[in-house]
Structure formats: structure tokens, C-alpha cells
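The values are calculated or read from the model by the stated rules, or taken from the named source; none is laboratory data. No experiment lies behind these values; they were computed from the predicted model shown. FYI the Cβ positions are ideal-geometry reconstructions off the backbone, even for glycines, and counts take in every protein chain you see. Only protein heavy atoms, including side chains, enter the accessible area calculation; ligands, DNA and RNA are left aside. Shrake-Rupley method; radii C 1.70, N 1.55, O 1.52, S 1.80 Å.
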Amino acid sequence: MKRFLALALTAAMVLSLAACGPQKPTHAGSSAPPASSSQNPAPPEQTPSVYMDIPQEYRSWDENGKNINFERLTTAENGMVAALRYEPAQVGVDIMKKGGNAVDAAVATALALTVSMPQMCGVAGGGFMTFYNAETENTIFLSFRETAPMFQTAELWVQDEEGNVIGEHNMYGGLSVGVPGEVAGLYQALSEYGTMNWEDVIQPAIDMAREGYVVTPELYQWIEYAYADMASNAQLSEIYLDENDMVKPVNSIIKNEYMAKALELIRDKGPDGFYKGAMADAMIHAVQNAGGVMTQADLDGYQPWEESAVSGTYRGYTIASSNSPSSGGTFIVETLNILENLPVYEFNTVEYWHQLAEVQKMVWADRGQYMGDTRFVDVPIDGIISKEYAKTLANKVDMTKSQDFSYGNPWDYETESQNTTSFSVADKAGNMVTITHTINGVWGSRVYVDDYGFFMNNQLGDFVVGSGYSNSVQPGKCPLSSMSPTVVLDPDGKPFMTCGAPGGVTIYPGVCQVILNAIDYKMNIDEAINSPRITAMGPSIMYTPEMEQSVLDQLSALGHTQVKEGYVGIPTGIMYMPDGTLQGSAEATGVMGAEFSDGVAVGY
Ligand code: GLU
């Protein structure tokens, strides 16, 4: 129970991050930027370069700077990247046009995202890649998740009498920082599965950092949210604030010369440019100065690792997704296995949502009980994703009332022989790559690395607080993740779709529902991504804003009383059409203050 509570707390913290509205800047000595500043676009500072402007059809704002929706469904013949920002998607497409394969494009896109979505991901973060190789028909899963430093222990997060970590040191500051995996992971992905040089795939990110990228309404809100951090550091003020110490307005350009130089070092020396020498010294200094324990030995010891994807089937389709240290793939497969035994109700009816919520609650209970880094703890993954186990759980659904579920006993279904196992890239040949990468919280630990232009992650916040649990912190261990980069093959074994999402613990339920929408309801990728979704964790249900009030009322009548609006993953995805063309899209709803997201699919 204590473990469940701790997990629920972690979940609540992740969710509350986006649930609370943007904080008004509190910069002493300067007034808050006027609420209308995002509505008054300033003219661009100089002639836009290829990545400094966003073409009209991909813009989430109008000529008055007002946040707007736009058509996100994109169709293309040869290749496509669906991402939560335009420029990195365009970078990936440009790489494919130059003859690069899907992995080349994915690595270039990931690096470009570290520049233009610095609040979400970064070179000092980590992530996962799921890659379906059309030639070998194999799917691999590459983990470059952050690990706990060797001097990190559960006791370092001192708790008060109510179990809260004093000072939120698990979420902010040096003690929340995991050993970064991003640079080593992307480098390994390219070396093993790409065709292009590291120098060529990193160069667009360097150019973007140096020449600049545009402030969208969404980015404006995220900078405003961390205004106090930006205002209290000279370099961050220079990068993200204007000459009056206000958040740079929508349409202005952000340049990050510090980041350009950091990426040049990584370009010229490979991972050694990041994990050794001056940049490593700066990171260690920043982390230790902020109370953390990361050392050079931690950076020297970091290694990404590859394993099979977690794989299952749903109505003949094959699903391959993230393995440990993510819970994502395992619990997508468990959810689909249970649902396979149950009726397919009409979409968006109370029956549909109630049944899904009951299944999600059982899955959530298993997640809290069993999941952790399998290199440190035994997890019955084969049992959790077994079809037989799913049947026993399906029988527990009562369509007349909402129930509380405890975890099941998947150990009884564990077998020796079975092997188990966000942006998306897809090409004409059927190669699919999905990478979900992150610095965890928005702007990570808020520990900024001076002179190098980036923030350190706060990935250790994904551990439960306290020792003795599957997901307790231990030196070298990865915190449990929900990230679910997923590929799906149709019943003939042909590439069908790829999907992934950020969104903390709402990721795997979100990705799972995009898959359900595509398979059970034959939605196109845009409808599959932009239809209502829920996530039920214990007694509470989070629903996306598209949900109708009449349906919510009926759910409360069944006993689902703790329902509230939020987000359920923020997906992007690409689907293969029967004629071989590609269709892609992205979540349209913004989180935080922005009404609409910057997510796009770009193809050629
Ligand atoms: N740290 C989260 C995880 O690994 C992802 C961060 C997010 O998308 O909010 O599950």
C-alpha cells in the first residue's frame, strides 16, 4: 500500500506539473510581462533561415499572435516525421531527402529537438528508441535512460512526517539528476543502424541553435512558467528574455550560442565531447553545486543498452514497444490482452469508457506492485503480458459499477521460454523509428549548465521515495518510466503504424488508446490521436477536453467520482495506408497555457 501511495504521489507530481496554470513571472525589480505580450507579435529580428521560420500551414498562431488550431493530417509518399514541433520534423525529412535512412532522420530530429524543445528534452536527458527494420523484419529497443549516480541512495531524499521529500530534492536540484544517456544513445543508434556521419546529422541542430528558432505561443508559455529561473541567471536571461527582462514575445527568435558550442564539441569529439573534458566538468560542477552527487566516474561508466522490444498481439496485429526500465510496452500489451476478451462497445459511449477505466485500474495496480529496472529487480513481465493472465483479469470487469482493484498474481503465468519486450519516423520501405526522450520535468531539474546552454534532467524523480520497493533508487539503477515508443504491424506482418507520446504516467494509456482507435474503430491517424482519451489510476480518472459532459455524468453514476480534465499522453504518430502512402499527425490540444500544440507531421 505504501508503495502504491508513493507511486501515486509521483504520478500526481508529474500530472500536477502540467495541471497548474502558468506561473506569473515574479522577477524582482521588473514587472510581469503583460498578459497580452504573446498576442503582439514582434517582427522577426532578421531574415529567417530555413529553420528560423515556420511555414504558414504548420503555424499554431495567426497574424495577431493568437494561438490557433491548424490541419495536422499530412499525407506523403516517401517519408515522414511526426513531432511536437515543426523544425525538428523538417530536419528529419531533409535528412531522408538527402538519402539518409529512418534512423539517420530520427537521430537528426532528436538532436534538433534538444535545441528547439529545451524544456522537454536535452543532451543531458535520456530516452528510448524502438526501431522496426523493414529489411530484417526485426524490432529492436534501445534504452538510453538515465541511471542513478553511484553515491545516490534513498536516504538522501529526507522525508517529513507525511512522507513528503523535504525541499522536493527528488524533483528539483542536484539530487534529482540522473546520469545522462541521450548523447551516448543517439550516437549508438546512428553507429549501429544509421548510414550517415555523426557530423552530418548533428549539424542542423548546431545551425538551429546558432541561427535561432521562433517563439511559438506554446514555447512562450513554457518560458513564462520558469520565468524565475530564467531571470535569475544571466545566460538564461540572455537566451530566453528580451532586453526588458520580459519573456521573448511570440514570433521573436531564440538563439543559443552556448548550446551551439556544446553541440560542436559533441560533433567533433563524439560522446567524449560530452562525457569527458570541459563539458563534463561543467555538468559535475553544476550538479554538485546544486547538492547532487554525480561524479566523473558516473559519466565514464554510462552505457546505453539494447534489448528486444516487449511484444504482444491484439486482434492479429503485432505491437512492439518499450521494455524495462519502462513500464510502457508491458502495460500497453497487458491492457490490449485484457480488452481482447471483452466486447468492443461503440466509441465514446459510457460503456466504452467504463470498461476501459476498469481495465486501466487493474493494469495500474500491477504496475505499482511489480515494475522496476529488471537489471536490479525480478519483474514477471512474461506473466503480466500473458494471454492466460489477461483472461483472469477480464472476468473481473463489472459493467454495472466502478470497482477498486488490487494487483494480480502474474508470477503464476510466468514462463521460461517466452521473450518479452516521441516522435515517429517512417519511410516508404516500411522502416519505423519512434524515439521518446526527455529531461523528465519541464526544464528538468532546473540545474543549468553554465556556458553550455542546457539544463540537467530530473529523471530520478521517477523513482519512488523510500527504500525496499521495485522502483526504489539504487546506484546505477534506472528509474521506472512510462515512455512507450511503439510500432504496430498489421495481421499480414506489414508495417501499420508507429506512435509515441510524452506525458509521464499518462503515456502508456494514451498510446494504447491511439492503437485501439486505429484497430477497433478504423480511425485515420489524425482522428486516432485527436479523439478523447482517459487514464484511470486507482479511483481517479483523467480525461482529455474533448470528452462530453453527458458521458462524464453517466460515468459518475457508475461510481467514477474523481474525474478531472487533463491530458492523457501527447501523441504523435504515422500510419501506412493500403496504397503504401504515409499519413501522420500530432496532438492538437496544448498543455499548460497554450490552447493548441505545435505538433506537426511533415512528409515528402
Ligand atoms: N519521465 C517520464 C517517464 O519516463 C516522462 C516525462 C514526461 O513525458 O512527462 O515516464
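Order Asp404, Asp94, Asp451, most accessible first, counting only protein heavy atoms with a 1.4 angstrom probe. Write down the numbers at each step before the final one.
Numbers: Asp404 140, Asp94 35, Asp451 90 Å².
If we order Asp404, Asp94, Asp451 from most to least accessible, we get Asp404, Asp451, Asp94.
Considering only Cα-Cα distances, which of the following residue pairs are longer than 31 Å: Lys98/Lys269; Lys387/Lys522; Lys269/Lys428; Lys66/Lys98; Lys401/Lys522? Checking Cα-Cα distances, Lys269/Lys428; Lys66/Lys98 exceed 31 Å. Accessible area per residue (1.4 Å probe, heavy atoms of protein chains only) ranks His169, His285 as His285, His169, with the largest value leading. Rounded to the nearest 500, the helix-only mean residue ellipticity at 222 nm of the chain stands at -10000 deg cm²/dmol, with each DSSP H run of n ≥ 4 adding -39,500 (n - 2.57).
Exposure check, 1.4 Å probe, all protein chains in place: Thr392 carries approximately 50 Å² of accessible surface. So, in Å, what gap is there between the alpha-carbon centers of the range 316-371 and the range 128-167? Measuring centre to centre over Cα atoms gives 22 Å.
Ligands, DNA and RNA aside, Trp222 has an accessible area near 0 Å² when probed at 1.4 Å. On a per residue basis, the chain carries 34 Å² of accessible surface, using protein heavy atoms and a 1.4 Å probe.
What's the center-to-center distance, using Cα atoms, between the range 481-519 and the range 95-125 in Å? For the range 481-519 versus the range 95-125, the Cα centre distance is 20 Å.
Within the assembled protein chains, the solvent-accessible surface assigned to Ile439 is about 0 Å², based on a 1.4 Å probe. Among Met547, Met120, the sequence by solvent-accessible area, most first, with a 1.4 Å probe is Met120, Met547. Of the three principal axes defined by the Cα atoms of the range 266-331, the extents in descending order read 53, 31, 16 Å. Taking trypsin sites (Lys or Arg not before Pro) across the range 499-604, the ones in a DSSP loop with at most 10 further Cβ atoms lying within 10 angstrom of their Cβ are Lys522.
Calculate the length of the line joining the C-alpha centroid of the range 523-564 to that of the range 192-209, in whole Å. That distance is 41 Å.
Expressed as a whole percent, the accessible area of the chain that falls on carbon and sulfur atoms is 50 (1.4 Å probe).
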